[in-house]
Amino acid sequence: MKRQVKRVVVLVIGWLLIAFGVVGLFLPVLQGVLFIMLGLYVLSRESQTAHRWLQKGRQRYPHADAKLKEWGTWWRRRFGRHPGEEKREVD
């Protein structure tokens, strides 16, 4: 049950970020591509399709990829793991 709730939360956050990104493509205030890639980053642990799209986006927008990696590093320092990633036991 806890896993299902966590999966739903990750999916909702990821799709909200993608929605902000789509809006950001039309508004000069938001960085649309960055929000879309961030949404795909969050969704990439739950969806193979999102993971493939993220890889294509990283190749096409290397500057956004660098920012995304910076945010990923911040996330891991702050929370200890990637969004959607299961805790692993150390042997």
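Bear in mind these aren't lab numbers, they're just calculated from the coordinates by the rules spelled out. Computed from a predicted structure; not experimentally measured. Methodologically, a virtual Cβ is constructed for each residue, glycine included, from the backbone with ideal geometry; neighbour enumeration extends over all protein chains shown.
3J(HN,Hα) along region 50-65, derived from phi through the Karplus expression 6.51 cos²θ - 1.76 cosθ + 1.60 where θ = phi - 60°, amounts to 4, 5, 5, 4, 4, 4, 5, x, 5, 6, 7, 10, x, 5, 5, 5 Hz, with x in place of Gly and Pro. Counting only GluC sites (Glu not before Pro) that DSSP places in a loop and that have at most 11 other Cβ atoms within 10 Å, the longest clean stretch of the chain runs over 1-85.
For region 1-63, a simple Cβ point-charge model (Lys and Arg +1, Asp and Glu -1, everything else neutral) yields a dipole of about 320 debye relative to the Cα centre.
Relative contact order, percent, of region 8-49 when contacts are C-alpha pairs under 8 Å separated by at least 6 residues? Display every interim value, and only then the final one.
Details: 52 pairs, mean separation 17.7, N = 42.
Reported relative contact order: 42 percent.
Residues LYS56, LYS2, ranked from the fewest to the most other C-beta atoms within 10 Å, line up as LYS2, LYS56.
For the chain, what D do you get in µm² per second when you plug the Kirkwood radius from alpha-carbon pairs into Stokes-Einstein at 10 °C and 1.306 mPa s?
Details: Rh = 13.7 Å.
Stokes-Einstein gives a translational diffusion coefficient of 116 µm²/s.
Here the Karplus curve 6.51 cos²θ - 1.76 cosθ + 1.60, taken at θ = phi - 60°, turns the phi angles of region 36-43 into couplings of 5, 5, 5, x, 5, 4, 5, 6 Hz, with x standing for Gly and Pro. Can you tell me which of VAL42, VAL29, VAL12 moves the most in a GNM of the chain? Springs connect C-alpha atoms under 10 Å apart. Comparing VAL42, VAL29, VAL12 in a Gaussian network model of the chain, the most mobile one is VAL29. Here LEU30, LEU38 are placed in order of increasing Cβ neighbour count within 10 Å, fewest first, which gives LEU30, LEU38.
Where does the chain land at 222 nm, in deg cm²/dmol rounded to the nearest 500, when only DSSP H runs of n ≥ 4 count, each adding -39500 (n - 2.57), divided by all residues? Write out the running numbers ahead of the final one.
On the way: 4 runs with 68 residues, N = 91.
Computed ellipticity for the chain at 222 nm equals -25000 deg cm²/dmol.
Entry note, the chain: relative contact order of 23 percent, from Cα contacts under 8 Å with a spacing of 6+ residues.
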